[in-house]
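Q: Quick one: structure below, then a few questions.
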Amino acid sequence: MPEGAVRGTEGYGGDATNAFHRASEALTFEEVHADLLDLIPQRPGRALDAGAGTGRDAAALASRGWSVDAVEPVAKFRELGHQTHPSPRITWLDDTLPDLETVRARGQRYGLVVACAVWMHLSADERDLAWSGLAGLVRTDGVVIMSLRHGPVPAGRWMDDVSGDETVERATAVGFRLLRRSDARPSLLPGKEQVSWTLLAFGRAG
Ligand SMILES: C[S@@+](CC[C@H](N)C(=O)[O-])C[C@H]1O[C@@H](n2cnc3c(N)ncnc32)[C@H](O)[C@@H]1O
């Protein structure tokens, strides 16, 4: 799919690219996912970072021993990610939620899926499809960690309203169980007082 056709990537290119890169890399994986860190499987395996941006989370997982498939539709982000985090444990993939065609063609099952600050870039129908797809990609002992953004939409970006309740409902409908939910977490970036986050972790049911 051509890059311009991915609605959720609107506003990330051009002049915004370097600002996003700086902001994203100013935070650490440990800060962003603090409420969920203990739920990450102890034994590293294969992880999927869906909407990886410039690879902050992929790099942190790689340094913990995970082999990471980093999915990112914006070519400049993949390039910056590769330069910033040149780890042989990270495989950058030009792919897109909800279909994840390239990921699915690789036939892997993942012990960890990270979907950090990306779910709001999908419509309600796409979120449904994304959950159905994840059900086939996550190992029976695997974990999904994610963050949902709430607040005003920055100029030029495309985001949908996405709630914790809806996300739990959709996830459980396709065979996940909620492991943890952390609501109303403040933004860690300066000047984002109107933005808050819901952090969620899921395992497989049964
Ligand atoms: C707010 S950024 C978060 C990036 C990274 N996860 C982080 O926390 O730094 C959202 C990312 O999702 C990507 N994105 C938007 N729509 C997407 C889609 N349909 N499939 C995959 N990635 C998408 C954007 O290109 C961008 O890199």
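Q: Give the residues of the stretch 55-94 that are near the ligand (Cβ under 7 Å from one of its atoms) and either in contact with a strand residue (DSSP E or B) (Cβ under 6 Å, 6 or more places away or on another chain) or of a type outside the set (D, E, K, R) (or both), sorted by residue number.
A: Our first condition is that a residue be near the ligand (Cβ under 7 Å from one of its atoms); within the stretch 55-94, this holds for 56-57, 71-74, 77.
Answer for the stretch 55-94, where residues must be near the ligand (Cβ under 7 Å from one of its atoms) and either in contact with a strand residue (DSSP E or B) (Cβ under 6 Å, 6 or more places away or on another chain) or of a type outside the set (D, E, K, R) (or both): 57, 71, 73, 74, 77.
Q: Report yes if some residue within the stretch 143-150 is in contact with a Gly (Cβ under 9 Å, 6 or more places away or on another chain) and among the small types (Gly, Ala, Ser); otherwise report no.
A: Taking every residue of the stretch 143-150 in turn, none turns out to be in contact with a Gly (Cβ under 9 Å, 6 or more places away or on another chain) and among the small types (Gly, Ala, Ser).
Q: Name, by its number, the condition in (1) free of Cβ contacts under 8 Å to residues at least 60 places away in the same chain; (2) within 10 Å of the ligand (Cβ to nearest atom); (3) in contact with a strand residue (DSSP E or B) (Cβ under 8 Å, 6 or more places away or on another chain) that does not hold for residue 24.
A: (3)
Q: Of everything in the stretch 27-52 that's more than 10 Å from the ligand (Cβ to nearest atom) and among the hydrophobic types (A, V, I, L, M, F, W, C), which residue is nearest to residue 186 (Cα to Cα)? Give the steps one after another, and end with the answer.
A: Of all residues in the stretch 27-52, those more than 10 Å from the ligand (Cβ to nearest atom) come to 28, 30-31, 34-48.
Of the ones still in play, those that are also among the hydrophobic types (A, V, I, L, M, F, W, C) are 34, 36-37, 39-40, 47-48.
Working: 34: 12, 36: 15, 37: 17, 39: 21, 40: 22, 47: 26, 48: 25 Å.
Selected residue: 34.
Q: A further question follows. Are any of the residues in the stretch 196-206 outside any helix (DSSP H, G or I), over 20 Å from residue 61 (Cα atoms) and at pLDDT below 95?
A: Yes - at least one qualifying residue is present in the stretch 196-206.
Q: With respect to the numbered conditions (1) surrounded by 15 or more Cβ atoms within 10 Å (Cβ to Cβ); (2) at pLDDT 95 or above; (3) among the basic types (Lys, Arg), which one is the sole condition not fulfilled by residue 104?
A: Answer for residue 104: the failing condition is (1).
Q: Hey, can you tell me all the residues within the stretch 1-10 that are within 11 Å of the ligand (Cβ to nearest atom) and at pLDDT below 90?
A: Within the stretch 1-10, 1, 3, 5 qualify.
Q: Taking the condition out of contact with any Lys or Arg (no Cβ under 7 Å at 6 or more places or on another chain), surrounded by fewer than 20 Cβ atoms within 10 Å (Cβ to Cβ) and not in a loop (DSSP other than H, G, I, E, B), does residue 112 pass? Reasoning before the result, please.
A: On the way: out of contact with any Lys or Arg (no Cβ under 7 Å at 6 or more places or on another chain): yes; surrounded by fewer than 20 Cβ atoms within 10 Å (Cβ to Cβ): no; not in a loop (DSSP other than H, G, I, E, B): yes.
No: the conditions fail for residue 112.
Q: Still on this structure, please answer the following. Find the residue count for the stretch 11-20, including only residues that are modelled with pLDDT of 85 or more and surrounded by 14 or more Cβ atoms within 10 Å (Cβ to Cβ).
A: Of all residues in the stretch 11-20, those modelled with pLDDT of 85 or more come to 11-12, 17-20.
If we keep only those that are surrounded by 14 or more Cβ atoms within 10 Å (Cβ to Cβ) as well, we get 11-12, 17, 20.
The total comes to 4.
Q: Right, residue 109: out of contact with any Phe, Trp or Tyr (no Cβ under 9 Å at 6 or more places or on another chain), away from the ligand (no atom under 16 Å from the Cβ) and within 22 Å of residue 35 (Cβ to Cβ) or not?
A: Working: out of contact with any Phe, Trp or Tyr (no Cβ under 9 Å at 6 or more places or on another chain): yes; away from the ligand (no atom under 16 Å from the Cβ): yes; within 22 Å of residue 35 (Cβ to Cβ): no.
So residue 109 does not fit the description; no.
Q: Can you run down the residue pairs with Cβ atoms below 7 Å, 6 or more apart or on separate chains, where the first is in the stretch 157-179 and farther than 15 Å from residue 122 by Cβ and at pLDDT 95 or above and the partner is in a loop (DSSP other than H, G, I, E, B) and not hydroxyl-bearing (Ser, Thr, Tyr)?
A: 175/205; 176/205; 177/205
Q: Just wondering, is there one or more residues in the stretch 149-168 that are within 22 Å of residue 68 (Cα to Cα) and in contact with a strand residue (DSSP E or B) (Cβ under 8 Å, 6 or more places away or on another chain)? Please lay out each step first, then the result.
A: Our first condition is that a residue be within 22 Å of residue 68 (Cα to Cα); within the stretch 149-168, this holds for none.
No - not one qualifying residue is present in the stretch 149-168.
Q: Continuing with this model, one more query. Would you point out which residue out of 183, 161 is under 17 Å from the mean Cα position of the chain (by Cα), surrounded by fewer than 21 Cβ atoms within 10 Å (Cβ to Cβ) and acidic (Asp, Glu)?
A: Numbers: 183 fails: under 17 Å from the mean Cα position of the chain (by Cα).
Checking each option against the conditions leaves just 161.
Q: Looking at 167, 172, 96, can you tell me which residue is surrounded by 20 or more Cβ atoms within 10 Å (Cβ to Cβ), out of contact with any Ser or Thr (no Cβ under 8 Å at 6 or more places or on another chain) and of a type outside the set (Phe, Trp, Tyr)?
A: Criteria check complete, one pass: 96.
The values are calculated or read from the model by the stated rules, or taken from the named source; none is laboratory data. Small disclaimer: the values here were computed from a predicted structure and weren't measured. All Cβ positions, glycine included, derive from the backbone under ideal geometry; neighbour counts span all protein chains shown.
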